Amino acid sequence: MAIIMQLFWEFLIIACRHIGACMFYSMANCAFQLKFVSSF
């Protein structure tokens, strides 16, 4: 049972990191596009 909990927590941490990275990338992409569009 303890092994399952440990695997669950590791999965949760990896998922949080992945979601955070995706959000950061999409925010940076949006900011870059806005800057690019406003330069015209």
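Collect the residues in the stretch 21-40 that are of a type outside the set (A, V, I, L, M, F, W, C) and exposed (fewer than 10 other Cβ atoms within 10 Å of the Cβ), keeping them in residue-number order. Result: K35, S38, S39.
Restricting attention to the chain, the residues that are outside any helix (DSSP H, G or I) and either in contact with a strand residue (DSSP E or B) (Cβ under 6 Å, 6 or more places away or on another chain) or of a type in the set (A, V, I, L, M) (or both) add up to 1. Which condition does H18 not pass, out of (1) within 10 Å of the chain's Cα centre (by Cα); (2) loosely packed, with under 10 Cβ neighbours inside 10 Å, if it passes all the others? Failed condition: (2).
Coordinate-derived values only; no laboratory data. Keep in mind it's a predicted model, so treat the numbers as computed, not measured. Cβ coordinates were reconstructed from backbone atoms using ideal geometry, including for glycine residues, and neighbour counts include every protein chain displayed.
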